[in-house]
């Protein structure tokens, strides 16, 4: 099952679009020299392909993928690993997520989260400290 899913994903030419609102914010934060990570449930080779093709990869300092953690979203491991690699305390991190599982993972990591729906940063979800 997993092998056929990966093969199918490899065969897809167009693997997604940039979300203008988050891409613009990414560019702004990079210009301010903010440390930036991407935490994704994709396998590393897929993530790097997508991020390279879209022009996002040069804007990030760290990429954490499904290959880098044992427990995936909604567990916090992806975001905790990203913060660790960046050398940033989790209380200083904010996550932009387009799924409920991702928001759950952000809060499990003690991080605030912005929910992105239909390409729009639509809702701020503060972690209750």
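Read-outs: derived from the displayed coordinates by stated rules, not from any lab. Keep in mind the model is a prediction, meaning the values are calculated, not measured. Using ideal geometry, Cβ is built from the backbone for each residue, glycine included, and neighbour counts are taken over all protein chains shown.
Sorting 81, 123 on the 10 Å Cβ count, fewest up front, what's the list?
On the way: 81 18, 123 11.
The order, fewest Cβ neighbours first, is 123, 81.
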Checklist entry - Which entry in [x] 8.7; [y] 8.0; [z] 13.4 is this structure's computed mean projected area of the Cα convex hull in nm²? => result [y]
Checklist outcome for this item: With Cα coordinates, the longest principal axis of the chain makes an angle with the long axis of helix 44-54, in degrees rounded to 10, of 80 degrees
Checklist entry - Could you give the angle, 0 to 90 degrees to the nearest 10, between helix 20-31's Cα long axis and the longest principal axis of the Cα atoms of the chain? => result 60 degrees
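From Cα pairs below 8 angstrom and at least 6 apart in sequence, can you work out the relative contact order of segment 17-125, rounded to a whole percent? Intermediate values should be presented prior to the final figure.
Details: 170 pairs, mean separation 25.1, N = 109.
Relative contact order for segment 17-125 comes out at 23 percent.
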Checklist entry - Could you give the angle, 0 to 90 degrees to the nearest 10, between helix 77-86's Cα long axis and the longest principal axis of the Cα atoms of the chain? => result 70 degrees
Item to check | Pair residue 17, residue 43: separation of 7 Å Cα→Cβ label points (nm) | outcome: 2.7 nm
